[in-house]
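Working notes, beginning with the structure itself.
The values are calculated or read from the model by the stated rules, or taken from the named source; none is laboratory data. Every value quoted in this text rests on a predicted model; they were computed, and no experiment measured them. Cβ placement follows ideal geometry from the backbone for every residue including glycine, while neighbour counts extend to all protein chains displayed.
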Amino acid sequence: MSTCRGIVVAGVTNQARTQMAEAFLRAFTGGRVFVCSGGVHHLGTVHPLAVTAMAEMGIDVSRQSSSSLAGVRRQRDTYDVYVSVDAPYTERTSDRYQRRYADTQAAQQNSMGASGLSASCASSTSDFCDPLLASATPAHWTVSQDTTDGRQSWTLWSPRNPAIYHERSTRKLQDHLYEGEPLFMRVRPHELRKACRVQRRWEVPELTQRFALETEAEQKARFVQARDLLGSLALALVRDLEREYGETMLDEATVAAYEKVAAMRCGP
């Protein structure tokens, strides 16, 4: 066993991307490191296309189940590595799933072969917004700006707040029917991220929801692309952990089999 106490893979629903990442990390380490995953809004089952995509690589995720990050938070001092799997900030428009995937900027960049600096410059010329992040939020709510990366907290003031309603307060002279307004917004790093020794943020596009007019084959192609990306990221992470801890974590037989299958898929 490794001296690394464990790896946490955090996501939004823990239904597809985080499940594939967990399976890759568990397979590459050969059980030497404890790996778990969780979601903020976890669902009950693993997406069937994720099971199919991983089966093509010889990894079975059909027995995995979605879980919540609540238990991980209670044990946040027992993990050394925190990995958040989030969607890129581009393509976060309100009508994203109402458009065909071929009409999205990501599909156009893939077709043109844009990458690196040119792709980032192209994406910076468009305005993206998410109306769910700008909605009025009650004082007792804590919502996420980037669900697994940081927590966005809103504090509202009100004349009924004892901390504000004091003898010399001028705010109490305002209309008593007015409940208050956002006083400030603060984004704090996730408590799991701060407590861990090694931190990573992987940007992988969302997969579970199908685009308008998108066939199952096209959605599966997106799952395959995300699977290949997660496999390379997981392999790079384990190699970084080997340098960090100065010990062997990789299961060479599993890695060799994975690289062989990946090479066959990339071949002509």
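Of the numbered conditions (1) out of contact with any Leu (no Cβ under 9 Å at 6 or more places or on another chain); (2) at pLDDT below 85; (3) exposed (fewer than 15 other Cβ atoms within 10 Å of the Cβ), residue 193 satisfies every one except a single condition; which is it?
Unmet condition: (3).
Out of 28, 24, 34, I need the residue that is among the hydrophobic types (A, V, I, L, M, F, W, C) and closer than 18 Å to residue 223 by Cα. Which one? Step through it out loud before you land on a result.
Working: 28 fails: closer than 18 Å to residue 223 by Cα; 34 fails: closer than 18 Å to residue 223 by Cα.
Answer to the selection: 24.
Please list, ordered by residue number, the helices (runs of 4 or more DSSP H) wholly in region 1-84 having 3 or more residues that are closer than 28 Å to residue 256 by Cβ.
Values: elements: 17-29, 48-55, 70-74.
Because the criterion is at least 3 residues that are closer than 28 Å to residue 256 by Cβ, the helices (runs of 4 or more DSSP H) in region 1-84 that meet it are 17-29, 48-55.
Those residues that are of a type outside the set (D, E, K, R) and outside any helix (DSSP H, G or I), I need them from region 225-255; list them, please.
Narrowing region 225-255 to residues of a type outside the set (D, E, K, R): 225-226, 229-238, 241, 245-246, 248-250, 253-255.
If the condition is that a residue be of a type outside the set (D, E, K, R) and outside any helix (DSSP H, G or I), then 246, 248, 249, 250 are the ones that fit.
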